[in-house]
Amino acid sequence: MASKPNKLTANSSSGDDGLTLPITNHPHQHQSGAGARVGAESRLKTGGLRIRDWVRSSGSESKGSSSEEAHHRASREQQQQQQQPCPDPTSPTSYERDHQRRSRPKYDPWWKIHLFRGMVNDIRKRAPFYLSDWTDAWNYRVVPATVYMFFANILPALAFSLDMFNKTGMQYGVNEVLLSSVLGAVVFSVLACQPLVIVGVTGPITVFNYTVYDIMMPSGTNYLAFMCWIGIWSLIFHWILAIANSCNWLRYVTRFPCDIFGFYVAFIYLQKGIQILETLGDGEPFYLSVVVTLLVFAISYICGELGQSSLFKHPVRVFLKDYGTPLTVVFFTGFVHMGKMRNIPLETLPTGIAFMPTVSERSWFVHFWDIPVGDIFVAIPFALLLTILFWFDHNVSSLIAQGTEFPLKKPAGFHWDFFLLGLTTGVAGLLGLPFPNGLIPQAPFHTESLCVTEAVPTFSSSSSSSSDTPDPDPNTTDRGFTFRAIYVVEQRLSNLAQGLLTLVAMTGPLLTVLHLIPQGVLAGLFFIMGFQALEANGITAKILFLARDAALTPAGHPLRRCTAGGIRRRALYTFVLIELLGFGATFAITQTVAAVGFPVFIFLLIPLRAMVLPRWLSPDELAVLDAPTASPFTMESVGGSIGGAVEAGTGAGGDGEDGTGDSTGRSTGKEVDVMVGGSGSGNGSGSGRDVGRRRVVGGEGDDEEDEAELAERGESRMGPVRRRLSAIRREDS
């Protein structure tokens, strides 16, 4: 397709063949003749003349100028350019320098706030997809994803309910936790801009709830009424932050704080498993519970490993991976009733009456007025801490659920979803429920279960593990397959359906079944969740690399390639040490009465990464050791991101598939040429095959709109381009 004339350069033709731009400061004067042609050609060689850089002169000068004066001025400029030495062809032109200057991310000062802008833009961008969010559910992946997420959500919820039941004076039990999960599932599946995010009761909120209980109960305060006021104040704070576009700060959230938080959650799981076993005494019930715990952990782990191995057929592996843990729980719930084990009294999961609160003396609606006025204001600092925790925890869950490994095509919406989270927090407080928020790792598991994959052949050479080109000789090459996600079934039905199944679990017959689950089985669940979370954590990967024998480390290991390429090994030690110190501080405070303040430590990790680490580590080292949490397409809702390759200037233009992005994944033009089918060769990162070149017209509004305006709106200039690229790739496939 023929290229259109560039809007940012002068046209060398005269007459009506193209746009003729003035070169003087008089906007009403146009050049003509040889002078105009020479002046235009000289500007074309130096990169063009930017329209928005014109400086308008006063009206008197404009009226007193003549064409002869303009002609002499052009002649003098021509002579000056002829006297200048010939520029280096490899040096950037004036336009390129100006492009580099303008491509740096610019944001409004933090005190300049456009109220409601983020929420409005989230709804405006997501609303056109609402109907397809339901019609796209007609896909075979929705059924197994629903069943899988039901078990993946309810089993940890039952374990957390046992922990809170024991530590909050039975104020929170199975029914409260299940109903809280139902509330989050229904609201976010129907109304959220990010319906793939699974919402329920998490480990950190469990710590928060029983810590507040330990602090306030000595004073004789009505605990549920106090928690209700925490929810009401937190609702107000959530809405203030959502209206003020606070989720734009997510651009500073990288893998660094996410890995530390995930490491902390993993150790909380392991700690909970140990605490359950400690309450079971030291007799026969204790030893049988320990055996059951270890068996549940071992068999669940084996099922997970088989699901990722090359054994059995693909459907069998997927079945073991998705349903191995639920079937293990079912088996050992009945196993302890076999033979002589039936005579050993085991502690089981305490349950209540169907659809009724655990404490049957109260109703579902909390009497929040039954509390001293002073305690209402005492709840404010606790609500602030809860809001900080949810701002980080829920948004990080949303980021990970829409990570770079998932080929998503529908836009995200963090501001509106945080507004909804405030709503569910207030409603949960009024109903006397634990506050729900985004779940880790259930949220990314949901997205992964909805991925449609294809088999991709892989080659591993026995002679050189670092070779980039596969060896075609079958005697020296082992051929295998890996599975790559083609697309994600982005819909709302699976989240809603697993929430309604959770509501069914509150019926009498199913509560009777749940009451049969031994507490040792729940302890095994905590162990397997904690171990799997540690196994997938970035801190664990770095520690294992440092502990590995360098001679036996594969040459293709990413960290080994980076250290061999000039990255200091000391930088890796420093980075891991800082991560462990951040985890240690967060975990240590949760072991004290000040555990309610642990969200502050988690939140401080963000400015530590953005402001302190760049002083200790170079941009290239941070680009290797850290990375953005989500893809640039997802981060458009908050105006882009920092971290990883972005800081190193290699671009973040969506997996390197379009070469028109700058170091922040943005484009500075209204019309850009993009490479389709390979990595781009433009100003972004990567290089590759030019399979097709297409003109993509993106963006709306005036050319004068700058990056600060776009960032505040929660959008980047590359946003429309990326959406068009997604459509192009679907057409090509």
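The values are calculated or read from the model by the stated rules, or taken from the named source; none is laboratory data. Since the model is a prediction, treat every value here as computed from it, not as a measurement. Here Cβ is always computed from backbone atoms with ideal geometry, including for glycine, and neighbour counts include all displayed protein chains.
Only a single criterion out of (1) closer than 30 Å to Leu288 by Cβ; (2) in a helix (DSSP H, G or I); (3) not hydroxyl-bearing (Ser, Thr, Tyr) is not satisfied by Gln591, namely (2). Of the set (1) over 30 Å from Leu288 (Cα atoms); (2) surrounded by 15 or more Cβ atoms within 10 Å (Cβ to Cβ); (3) of a type in the set (Phe, Trp, Tyr), all apply to Tyr573 but (2). Being free of Cβ contacts under 8 Å to residues at least 40 places away in the same chain and either surrounded by fewer than 19 Cβ atoms within 10 Å (Cβ to Cβ) or of a type in the set (Lys, Arg) (or both) is the requirement here; does Thr540 meet it? Judged against the criteria, Thr540 is not a match. Here Ala523 clears all of (1) at pLDDT 90 or above; (2) surrounded by fewer than 20 Cβ atoms within 10 Å (Cβ to Cβ) except the condition numbered (2).
One residue alone among Val187, Val212 is over 26 Å from the mean Cα position of the chain (by Cα) and of a type in the set (A, V, I, L, M, F, W, C), and that residue is Val212.
Kindly indicate whether Leu311 is aliphatic (A, V, I, L, M), free of Cβ contacts under 8 Å to residues at least 40 places away in the same chain and outside any helix (DSSP H, G or I). Yes. Considered as a group, the residues in segment 235-264 that are more than 16 Å from the chain's Cα centre (by Cα) and of a type in the set (Gly, Ala, Ser) include one that is surrounded by the fewest Cβ atoms within 10 Å (Cβ to Cβ), and that residue is Ala244.
On the stretch given as segment 125-170, residues that are of a type outside the set (A, V, I, L, M) and more than 20 Å from Leu196 (Cβ to Cβ) total 8. Within segment 576-602, the set of residues being under 21 Å from the mean Cα position of the chain (by Cα), of a type in the set (A, V, I, L, M, F, W, C) and either buried (at least 18 other Cβ atoms within 10 Å of the Cβ) or modelled with pLDDT of 90 or more (or both) comprises Phe583, Phe601, Ile602. The C-beta contact set for segment 119-134 (first residue more than 16 Å from Arg492 (Cα to Cα) and surrounded by 13 or more Cβ atoms within 10 Å (Cβ to Cβ), second residue of a type in the set (Lys, Arg) and modelled with pLDDT under 95, distance under 6 angstrom, 6+ apart or interchain) comprises Asn121/Arg713. A residue that is of a type in the set (S, T, N, Q), part of a helix (DSSP H, G or I) and exposed (fewer than 15 other Cβ atoms within 10 Å of the Cβ) occurs somewhere in segment 343-353.
With the structure loaded, tell me whether Pro457 is loosely packed, with under 15 Cβ neighbours inside 10 Å, without any contact (Cβ under 8 Å) to a residue 40 or more places away in the chain and not acidic (Asp, Glu) or whether it fails that test. Before the answer, list the steps.
Details: loosely packed, with under 15 Cβ neighbours inside 10 Å: yes; without any contact (Cβ under 8 Å) to a residue 40 or more places away in the chain: yes; not acidic (Asp, Glu): yes.
For Pro457, the condition - loosely packed, with under 15 Cβ neighbours inside 10 Å, without any contact (Cβ under 8 Å) to a residue 40 or more places away in the chain and not acidic (Asp, Glu) - is met.
Of the set (1) part of a loop (DSSP other than H, G, I, E, B); (2) polar (S, T, N, Q); (3) touching a Ser or Thr at 6+ places or on another chain (Cβ under 7 Å), all apply to Gln498 but (1).
Set side by side, the residues Thr221, Thr211 differ, and just one is under 18 Å from Lys167 (Cα atoms) and outside any helix (DSSP H, G or I), which is Thr221. No other residue among Leu306, Leu288 is surrounded by fewer than 21 Cβ atoms within 10 Å (Cβ to Cβ), touching a helix residue (DSSP H, G or I) at 6+ places or on another chain (Cβ under 7 Å), touching a residue at least 40 places away in the same chain (Cβ under 8 Å) and assigned by TED's automatic domain parsing to the domain that holds Phe419 apart from Leu288.
To keep it simple, each residue is scored yes or no on (1) at pLDDT below 85; (2) hydrophobic (A, V, I, L, M, F, W, C).
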site: Cys451; (1), (2): no, yes
site: Val456; (1), (2): yes, yes
site: Thr469; (1), (2): yes, no
site: Thr482; (1), (2): yes, no
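Inside segment 330-384, residues that are in contact with a Phe, Trp or Tyr (Cβ under 8 Å, 6 or more places away or on another chain), among the β-branched types (Val, Ile, Thr) and modelled with pLDDT under 90 make up a count of 1.
Of note, Gly220 does not satisfy the criterion of being modelled with pLDDT under 90, buried (at least 17 other Cβ atoms within 10 Å of the Cβ) and in the same structural domain as Pro372 (by TED's automatic domain parsing).
I'd like the full set of residues that are within 15 Å of Leu431 (Cβ to Cβ) and without any contact (Cβ under 8 Å) to a residue 12 or more places away in the chain, limited to segment 338-378. Ser363 - this is the single residue of segment 338-378 that is within 15 Å of Leu431 (Cβ to Cβ) and without any contact (Cβ under 8 Å) to a residue 12 or more places away in the chain.
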